[in-house]
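Okay, so here's the structure we're looking at.
The values are calculated or read from the model by the stated rules, or taken from the named source; none is laboratory data. All figures in this text were calculated on a predicted structure; none of them were measured in a lab. Cβ sites come from the backbone with ideal geometry, for glycine too, and all protein chains shown count toward neighbours.
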């Protein structure tokens, strides 16, 4: 049996979960494979507005303002990889070592923390001066 995920927003969602459990509980228990239920808060993925803010405001302004060693500028994608290496949560390799989590796999809270760390680093270490950016991604800013 493949895992099922139920997000409980209303009574209909709760009824669907109950119906699934009622339909499958006894059969799976009889097979010696009882169901296991874990209840947790839903983690939402980063929003389109958050992504637009990160790429269209934060990385764009860093790429436009930062000159490395006074002679070279880098594209937003290059800065993204730099910051992912520095600030993204790490995922362990099975045989040792780790790699940075993809920002597309971050939930909203992780992504907000990541973007905030990028902004702080850029402002403090790279002297980036961020301009007001609410028009690019209304309703979202780290």
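Condition first: in contact (Cβ under 8 Å) with a residue 12 or more places away in the chain and not in a loop (DSSP other than H, G, I, E, B). Can you find one or more residues in the range 30-44 that meet it? For the range 30-44, residues in contact (Cβ under 8 Å) with a residue 12 or more places away in the chain and not in a loop (DSSP other than H, G, I, E, B): absent.
When 15, 63, 19 are checked against the criterion of being at pLDDT 90 or above, touching a helix residue (DSSP H, G or I) at 6+ places or on another chain (Cβ under 6 Å) and not in a loop (DSSP other than H, G, I, E, B), 63 stands alone in meeting it.
Summed over the range 86-104, the residues that are surrounded by 13 or more Cβ atoms within 10 Å (Cβ to Cβ) and within 18 Å of residue 52 (Cβ to Cβ) give a count of 1. Being surrounded by 10 or more Cβ atoms within 10 Å (Cβ to Cβ), in contact with a helix residue (DSSP H, G or I) (Cβ under 6 Å, 6 or more places away or on another chain) and assigned by TED's automatic domain parsing to the domain that holds residue 116: is that true of residue 83 here? Yes.
Taken together, 69, 42 contain a single residue that is surrounded by fewer than 13 Cβ atoms within 10 Å (Cβ to Cβ) and within 22 Å of the chain's Cα centre (by Cα), which is 42.
I need the full set of residues from the range 59-86 which are touching a strand residue (DSSP E or B) at 6+ places or on another chain (Cβ under 8 Å) and more than 19 Å from residue 47 (Cβ to Cβ), in order please. Listed by number, the residues that qualify are 74, 85. Checking each residue in the range 120-129 for being on the phi < 0 side of the Ramachandran plot and out of contact with any helix residue (DSSP H, G or I) (no Cβ under 6 Å at 6 or more places or on another chain) picks out 120, 121, 123, 124, 125, 126, 129.
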